[in-house]
Amino acid sequence: LITAFDEHRVSPNFKFGVLCQKEGQFTEEDILSNNEESEEFKEFLSILGETIELQGFTGFRGGLDVCHGQTGSEAVFSSFHGREIMFHVATKLPYTDSDPQQLQRKRHIGNDIVALVYQEGQTPFLSDPIKSHFLHCFVVVRRIQMAEGTGKTAYQVSVTAREDVPPFGPVLPDPPIFREHSLLREFLLTKLINAEISCYKAQQFSRLELRTRSSLLKSLQAELSTRSQYMVGDPSLSALPSSEGARGTSEGSGGFIENFKRAIRVRSHSFETLGVPKKIGGGFCCATLDPGSHVDGTNHLPQTPLKTMYPPPLCVAPLHPDDGGSSSIRAMHAVTSQKLLRNKSLKCPNLNEQ
């Protein structure tokens with residue numbers, strides 16, 4: 001329970017928004033209304049990851065629909081150092097003609113913490129028009145020409161975040177230009193993951209984390225208290241907690257004390273099965289096993305009836321004729337002695353011989 005509490009926020013999966021800003025676009029409505037993907041934007045998406053079909057996708061889906069196609073048919077997915085990343089690309093999310101705010105797109109990108117903005121043209125990006133309580137950081141990428149006549153291109157990267165977000169790495173190179181696609185992908189994915197982790201320390205998320213951890217601690221204390229009461233056999237608890245129901249079925253119910261008593265009874269029954277003498281009412285009850293039976297779990301019951309052994313009866317010796325007793329007493333003792341002597345299994349000593 002404590003390990004699960006400490007690791008409740010540890011997740012190897014991330015989701016990021018991807019926006020495309022074209023020349024002359026400043027507002028949120030204009031950026032979210034883009035539907036066409038240029039060749040250079042498609043090339044940039046191929047650097048981030050691979051385009052996958054959402055229908056039947058089994059990896060990390062990042063809140064996208066993989067059954068009914070309600071969030072589009074395609075998305076960009078990437079695996080990076082054991083982590084799965086899903087990109088919410090605005091141009092691949094459903095578009096609604098009658099909705100200028102494009103809520104179907106904003107409900108995904110607006111709930112992301114970090115967003116990636118790809119700029120086509122020289123229009124500067126302003127984060128203020130993007131209204132969201134969750135977006136705390138933007139990574140802006142622009143394609144540039146290295147030199148005239150060479151045909152070589154590169155990518156320029158810049159980062160902006162809210163004031164209460166702590167600094168995070170890796171540090172932008174000077175100048176912040178990447179010529180190789182592999183280096184750009186390594187830097188961007190690392191920067192995006194570290195940006196989200198750092199945003200959790202912002203004031204808004206830190207308050208949410210504190211409230212969540214307080215609630216988890218209360219639940220942990222209540223569950224541990226319930227388990228402790230059940231272990232000591234609290235009669236007010238009739239069953240195990242729901243999280244331990246499966247294990248409780250195999251272990252039995254009734255608490256620690258009742259389980260201990262049950263174990264003692266099973267042990268006593270095992271002794272009787274093996275033929276160990278058990279004291280009953282001043283005598284001993286001995287069970288004998290059949291010579292052909294084995295104590296292997298297949299035959300525990302004795303094949304011969306139980307024999308009860310009692311202390312042998314006392315013998316009554318006949319009175320001597322010269323004892324001087326009455327004739328009636330001597331006659332009674334004589335009859336008793338004769339009955340006892342008829343039993344060949346009992347032998348009485350002759351007092352006259354002593």
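Things to note:
- Per-selection Rg to Rh, the range 105-176 - Cα, Kirkwood hydrodynamic radius: 1.03
- Kirkwood hydrodynamic radius of the range 2-200, from inverse mean 1/r over distinct Cα pairs, in Å: 17.6 Å
- Protection proxy ranking of 97-105, 129-137 - average other beta-carbon atoms within 10 Å, highest first: 129-137, 97-105
All of the numbers you see were taken from the coordinates with simple rules; none came from a lab. Treat the numbers as computed from the prediction; the structure is a model and nothing was measured. Cβ atoms come from the backbone with ideal geometry, glycine included; neighbour counts cover every protein chain shown.
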